[in-house]
Amino acid sequence: MDLSKVIRPNILALAPYSCARDEFKGEASVYIDANESPYENGVNRYPDPLQHSVKALLAPLKGVREEQIFLGNGSDEAIDLIYRIFCEPRIDNVVAISPSYGMYKVCADVNDVAYRPVSLTDDFQLDASALAAQVDERTKVIWICSPNNPSGNAFQLSELEFIVQHFPDQIIVVDEAYIDFSDKGSMLSILDQYENLIVLQTFSKAWGQAAIRCGIAYAQPPIIQYFNRVKYPYNINFLTQQAAVQALSHREVHDRHVEEILSGREILRILLGSLKTVEHIYPSDANFLLVRMKLDGMDAGQSADYVYHYLQNKGIIVRNRTRVHLCQGCLRITVGTPEENATLYETLKTL
């Protein structure tokens, strides 16, 4: 891929800000270059702008090179940067599956980029021909979330690779925020083969680090270099980097929690499936279930609204997705602890 044809001209010409920690690598005995406070308190120095300690642990775990990793303030920073790097406001457009993660459209609107949603099939599968019909010479990015939010299903790697292959002039972003809960495999396995592929992951879900706000983008080094040019100099603070290193250093905690969530997902699916108020539970490759409700005397939307508010009044918060495309009557329910799942089930039994 010729990046000069997809990157905005002003970004190609951008002279990035060079911060003090960019200009010196290694350890020194005296730091008087960055106008910091000299009084050590653990956080008086600026953090590593490229987060080398995190990437050093993440790269071998994911089977990639450090120069293929960008860390952002949540995945939302990476999403926003993709618009800022590749899309000319009021000229370019992006294509995305629908329903999907809402921040793709929010960032498109913020960046004044036309957003073209393409409906999944009724069972939330990809429609490659419908996707292709929306792509034109001004399409810069195609967004695909897999496992998808809110439907929960992951797409086959062969389907995703087909899209990467057949749209070589577009940036294909595969958002894998929930990949740790799926057995369908990650697009990182083919990252080295494609120059137009960006894979997003996060510390927020399986790693249990939502509060630290650390998202990950993987791509070929030239794309990562543009991410680093455009990002704010110290976008990942020191405490976040520390927490990420701590999490990566205790992989056994991650693995145990994933195993428990997968077990809980199956138990929750069986429990909810036994309730007469549950009409359908969609297959899930994520840490949540999309559940369609149906109460006697109510249509699907009314049923979802009623159950949502009923649970809310009982102190149980789920996500009402009934007004999302293809999700009429549906609640999105995150897999909780065994105790939380049991409380939900017992409460729904009283309806």
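Under 26 Å between C-alpha atoms is the cut-off here; go through the chain and count lysine pairs that meet it, provided they're at least eight residues apart or on different chains.
Summing the qualifying lysine pairs gives 25.
Taking Cα atoms of the chain, Rg/Rh with Kirkwood Rh, to two decimals?
Rg/Rh for the chain comes to 1.00.
Would you mind checking the tilt of helix 74-86 against the longest principal axis of the Cα atoms of the chain, expressed as 0 to 90 degrees and rounded to 10?
The angle comes out near 60 degrees.
Estimate the FRET efficiency between residue 249 and residue 339 by the formula 1/(1 + (r/R0)^6), using the beta-carbon distance for r and 22 Å for R0, to the nearest 0.05.
Calculated value: 0.20.
What's the angle, to the nearest 10 degrees (0 to 90), between helix 157-166's Cα axis and the longest principal axis of the chain?
50
Once you measure Cβ to Cβ distances between cysteines in the chain, which Cys have no partner under 4.7 Å?
Lacking a cysteine Cβ partner under 4.7 Å: 19, 87, 107, 145, 214.
With each label point set 7 Å from Cα along the Cα-Cβ vector, what nm distance links residue 36 and residue 123?
Those two pseudo-labels are separated by 5.6 nm.
Between segment 254-321 and segment 224-240, what is the separation of their alpha carbon centroids in Å?
If you average the Cα positions of each part, the centres end up 38 Å apart.
Considering only DSSP beta bridges whose two residues both sit in segment 3-249, what percent are antiparallel, to the nearest 5?
30
Calculate the spin-label point distance for residue 138 paired with residue 12, positioning each point 7 Å from the Cα along the beta-carbon direction, and give it in nanometres.
Simple spin-label model gives 1.9 nm for this pair.
Provide the FRET efficiency to the nearest 0.05 for the residue 313-residue 257 pair, computing r from the beta carbons and using R0 = 35 Å.
For R0 = 35 Å, the calculated efficiency reads 0.70.
Working out 0.36 nm times the residue gap between residue 302 and residue 242, then minus their Cα-Cα distance, what length gain in nm do you get to one decimal?
17.0 nm
Residue 22 versus residue 229, label points 7 Å from Cα toward the beta carbon: distance in nm?
Distance between label points: 1.1 nm.
Once the principal axes of the Cα atoms of segment 236-351 are found, what is the range along each, listed largest first in whole angstroms?
Taking max minus min along each principal axis of the Cα atoms, segment 236-351 gives 54, 28, 26 Å.
Please figure out what share of the DSSP beta bridges in segment 143-228 is antiparallel and state it in percent, rounded to the nearest 5.
In segment 143-228, DSSP labels about 35 percent of beta bridges as antiparallel.
R0 = 41 Å: FRET efficiency of residue 169 with residue 110, Cβ-based, nearest 0.05?
0.95
What do you get for the angle between helix 251-273 and the principal long axis of the chain? Use alpha-carbon atoms, 0 to 90 degrees, nearest ten.
Its long axis makes an angle of about 20 degrees.
Based on DSSP loop calls and a cut-off of at most 16 other Cβ atoms within 10 Å, the longest stretch of the chain free of exposed chymotrypsin sites (Phe, Trp or Tyr not before Pro) is what?
Longest site-free region, per DSSP loop and neighbour criteria: 40-233.
For the chain, build the charge dipole from Cβ charges (+1 Lys, Arg; -1 Asp, Glu) around the Cα centre, then report which of 28, 117, 165 sits farthest towards its positive end.
117
Among 63, 104, 129, whose Cα lies farthest out toward the positive end of the dipole of segment 1-134, if unit charges sit on the beta carbon of Lys, Arg (+1) and Asp, Glu (-1)?
It is 129.
Cα centroid distance between segment 91-164 and segment 24-47, in Å?
44
In what sequence do 67, 36, 252 fall when counting other Cβ within 10 Å, fewest first?
Exposure proxy ranking, most exposed first: 252, 36, 67.
Each reported figure results from applying straightforward, stated rules to the coordinates on display, with no laboratory input. Every value quoted in this text rests on a predicted model; they were computed, and no experiment measured them. So basically every Cβ, Gly included, is an ideal-geometry build from the backbone, and we count neighbours across all protein chains shown.
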